[in-house]
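The values are calculated or read from the model by the stated rules, or taken from the named source; none is laboratory data. What you are looking at is a predicted structure, and each value in this text was computed from that prediction instead of being measured. Every residue, glycine among them, receives a Cβ derived from its backbone with ideal geometry; neighbour counts consider all protein chains shown. Remember, those area values only see protein heavy atoms, side chains included, never the ligands or the DNA or RNA. Shrake-Rupley method; radii C 1.70, N 1.55, O 1.52, S 1.80 Å.
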Amino acid sequence: MWQQKEGQEYLNALWEDSIIPSVSEYIEIENQSPSFDANWRENGLLIKAAEHLMKWIKTTTTEIPDFVCELIQLEERTPVIFMTLPASGSLNEKDTVLMYGHLDKQPPLTEAWESGLHPYKPVIRDGKLYGRGGADDGYSTYAAVAAVLALRKQKVPHGRIVILIEACEESGSQDLPFYVSQLESRIGVPSLIVCLDSGCGNYDSLWLTTSLRGTSLHPLFTGRIGHGQL
């Protein structure tokens, strides 16, 4: 059974001692999404960010021998981090929880940041960490793995867990369908999908987004067709 007090203390310490320092280093990596970095392959910053996350994951999950973490990059596409953990206790192995996040970032927009802040220089102000990608969506990898660590710490039974972190979300997730198809047999059929990439209205409540409108991107061309009309 989950013990709230012990679990909260463990997670607070994990974030303070391990996650915040690692997220801060992640913020310093200028890994813009492919739509904003045409030379992302040559620059290698998406891979650098993925490898940074992989290093933290492997370091913190050494006591979970059945936790599998892979960095996958196929056909020169953006990379994904793919993690799996078998069900524990007597729970059904087919009962899969899929957690999703992304590691790519939007452009820095340096001039729009407040004085004393910078997109690639992590700053903690009033208990909040500022820097490009920390909240959208670098935290997702750490949050997903932290949940696994907390469950295993208290030996709480859980279903099978799959964690998928992509690197193309800010560009419309162009590579995500490909990877989902390639990994379909390993993902299985999730009974619950947790997308760690939404928003909240305050810091005092747990906010859940149950539906979200999509976007449709199309090129728009304008020109004059005669008589001064646009």
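Summing Cβ point charges (Lys, Arg +1; Asp, Glu -1) relative to the Cα centre of the range 1-109 gives a dipole of roughly 140 debye.
Entry note, the range 1-110: relative contact order of 24 percent, from Cα contacts under 8 Å with a spacing of 6+ residues. Taking 29 Å as the limit for the C-alpha separation, the pairs Lys94/Lys128; Lys94/Lys155; Lys55/Lys153 exceed it in the case of Lys94/Lys128.
Enter the Cα centre distance for the pair the range 76-144 and the range 1-26, rounded to the nearest angstrom. Centre-to-centre distance over Cα atoms comes out at 15 Å. Magnitude of the charge dipole for the chain, about its Cα centre and with charges confined to Cβ atoms of Lys, Arg (+1) and Asp, Glu (-1), is about 320 debye.
Can you tell me the relative contact order of the range 55-195? Whole percent, Cα pairs under 8 Å, sequence separation 6 or more. List each step's numbers first, then the result.
Working: 213 pairs, mean separation 51.5, N = 141.
Once normalised by length, the contact order is 37 percent.
Hydrophobic, long helices, defined as DSSP H runs whose alpha-carbon span along the helix axis is 18 Å or greater and whose mean Kyte-Doolittle value is at least -1.0, occur in the chain at 45-60, 139-153.
When the trypsin sites (Lys or Arg not before Pro) in the range 76-183 are filtered for DSSP coil states and for at most 15 other beta-carbon atoms within 10 Å of their beta-carbon, the remaining sites are Lys94, Lys155. What the range 1-54 shows is 58 Å² of accessible area per residue, with the surface traced by a 1.4 Å probe over protein heavy atoms. The residue list Leu11, Ala50, Thr60 was ranked by how far each Cα lies along the charge dipole of the range 1-71 toward its positive end, using unit charges on Cβ atoms, and Ala50 comes out on top.
Near Tyr130, the amide H atoms lying under 5 Å from its own belong to Val123, Ile124, Arg125; only residues 5 or more places off or on other chains count, and H is placed 1.01 Å from N.
Of the GluC sites (Glu not before Pro) found in the range 89-176, those in coil by DSSP whose Cβ has at most 14 other Cβ atoms within 10 Å are Glu93, Glu114. Leaving out ligands, DNA and RNA, and with a 1.4 Å probe, what % of the accessible surface on the chain is carbon or sulfur? Answer for the chain is 53 percent, counting heavy atoms of protein chains only. The loop-placed chymotrypsin sites (Phe, Trp or Tyr not before Pro) in the range 1-58, going by DSSP, that have at most 13 neighbouring Cβ atoms within 10 Å of their Cβ come out as Trp2. Accessible surface calculations at 1.4 Å, restricted to protein heavy atoms, place the range 116-230 at 65 Å² per residue.
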